[in-house]
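Undergrad: Mind looking over this structure? Questions follow.
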Amino acid sequence: MSLNQVLSEIRSAAQQAGRAPESARLVVVSKGQSLESIEEKILTGRALPAPIMLAENRGQDLRDKVRQAEELGWQERFGPLEWHFIGPLQRNKIKYLEPVSLVHTLEEAWQAEAIAEAAHKWGHAPAVLLQLHNGEAQKHGVAPEHLKALYHAAVQTGLEVRGLMVMAPYGDLAAAQRVFAETARHAADLGLSELSMGMSDDFLQAIPEGATLLRIGRRLFL
Ligand SMILES: *Cc1c(COP(=O)(O)O)cnc(C)c1O
């Protein structure tokens with residue numbers, strides 16, 4: 001029920017904002033959820049448009065879930081699946097990104113270099129989003145004044161930089177909406193179209209500001 005509810009809220013918020021309903025897509029944040037629960041609450045008999053995007057924030061969990069999903073035949077049973085990574089990128093965790101099609105959390109140039117180098121070995125590379133710092137007391141993300149340099153450094157490695165990601169400050173929806181609007185301006189400045197912003201509590205604020213990927217976890221698994 002939660003999934004269909006969230007999908008319908010996304011659709012109507014997009015329509016209200018004058019956007020095509022399919023332009024704001026749901027990324028299912030499956031971190032901390034069991035395979036059984038993902039299968040029951042998200043995959044079974046539900047109308048999630050393809051490809052189904054699942055996001056994890058820890059390398060080992062990602063590796064284990066990808067393996068289990070293969071054993072359970074998810075692609076064959078539920079259609080095309082994509083794995084996204086939304087956690088901090090530590091050097092010793094880059095090796096777990098092989099099955100990932102989109103990394104949302106690039107914040108330093110060395111991370112782009114390490115991913116590009118590993119991708120060379122894998123024979124395929126994930127696309128990346130640059131995580132913007134939200135201005136609040138939060139440790140992750142590149143400061144706006146260093147965004148352009150990071151963008152150029154990432155492009156230089158050959159990775160496809162698709163857009164920006166931001167986490168809004170908690171508990172203040174007006175502030176969240178301002179952060180989303182600012183992030184959209186930075187993306188437009190760089191000519192980037194993908195905007196990963198909005199979570200369970202603030203995705204309705206992110207849609208009018210142009211979010212294209214909504215990273216929602218808790219609300220889907222209630
Ligand atoms: C956990 C997480 C989410 C999802 O948050 P919910 O509040 O569960 O919707 C989105 N993005 C990132 C980076 C996360 O770590």
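Undergrad: Can you compute the radius of gyration and Dmax for the stretch 98-222, using only the Cα atoms, both in Å?
TA: That works out to 14.5, 45 Å for Rg and Dmax.
Undergrad: If you don't mind, another one. Would you grab the residues whose amide H sits under 5 Å from the one on M165? Only those 5+ places off in sequence or on another chain, please, with H modelled 1.01 Å from N.
TA: The list, which skips near neighbours in sequence, is L130, Q131, L132, S196.
Undergrad: If you count only protein heavy atoms with a 1.4 Å probe, what accessible area per residue comes out for the chain, rounded to a whole Å²? Mind showing how you got there, number by number?
TA: Working: 10670 Å² over 222 residues.
For the chain, the per-residue accessible area is 48 Å².
Undergrad: Pick from Q131, Q16, Q205: which is most flexible by mean-square fluctuation in a GNM of the chain where alpha carbon atoms under 10 Å apart are linked?
TA: Looking only at Q131, Q16, Q205, the largest GNM fluctuation is found for Q16.
Undergrad: Strictly over 27 Å apart at the Cα level, which of K65/K121; K41/K93; K65/K148; K31/K148 would you flag in this model?
TA: On the way: K65/K121 22 Å; K41/K93 29 Å; K65/K148 35 Å; K31/K148 30 Å.
Over 27 Å apart, Cα to Cα: K41/K93; K65/K148; K31/K148.
Undergrad: Something else about it: Can you quote the Å³ per residue value for the convex hull of the Cα atoms in the stretch 3-220, rounded to an integer? Provide the component values of the computation, followed by the final result.
TA: Values: hull volume 25.5 nm³, N = 218.
Normalising the Cα hull of the stretch 3-220 by residue number yields 117 Å³.
Undergrad: Can you run phi through the Karplus equation (6.51, -1.76, 1.60; θ = phi - 60°) for the stretch 90-107 and list ³J(HN,Hα) in whole Hz, with x for Gly and Pro?
TA: 8, 4, 6, 9, 4, 4, 7, 7, 3, x, 8, 9, 9, 9, 8, 10, 6, 10
Undergrad: Obtain the nm distance between the two label points defined at W110 and E145 by a simple spin-label model: each point lies 7 Å from its Cα along the Cα-to-C-beta direction.
TA: 2.2 nm
Undergrad: Using r as the Cβ-Cβ distance of S34 and D201, and R0 as 25 Å, what FRET efficiency do you calculate, to the nearest 0.05? List each step's numbers first, then the result.
TA: Values: r = 23 Å, r/R0 = 0.92.
Calculated transfer efficiency: 0.60.
Undergrad: If you don't mind, another one. Residues of the stretch 144-171 with amide nitrogen under 14 Å from the 7 Å Cα-to-Cβ point of E117?
TA: Under 14 Å, as judged by backbone N against the label point of E117, lie 157 of the stretch 144-171.
Undergrad: Follow-up. Taking all protein chains together and a probe of 1.4 Å, list H186, H146 from the most accessible to the least accessible. Intermediate results must be reported in sequence, preceding the final value.
TA: Numbers: H186 45, H146 105 Å².
So the residues, ranked largest to smallest area, are H146, H186.
Undergrad: Follow-up. For H124 and R11 in one chain, what is 0.36 nm times their gap in residues minus the Cα-Cα distance, to one decimal in nm? Spell out each step's value before the answer.
TA: Details: separation 113, 0.36 × 113 = 40.68 nm, distance 3.30 nm.
Gain on extension, H124 to R11, equals 37.4 nm.
The values are calculated or read from the model by the stated rules, or taken from the named source; none is laboratory data. Worth saying up front: this structure is predicted, and the values here are computed from it rather than measured. Note that each Cβ is placed from the backbone with ideal geometry, even for glycine, and that neighbours are counted across all protein chains shown. Protein only, heavy atoms only, side chains kept; ligands, DNA and RNA dropped before computing areas. Shrake-Rupley method; radii C 1.70, N 1.55, O 1.52, S 1.80 Å.
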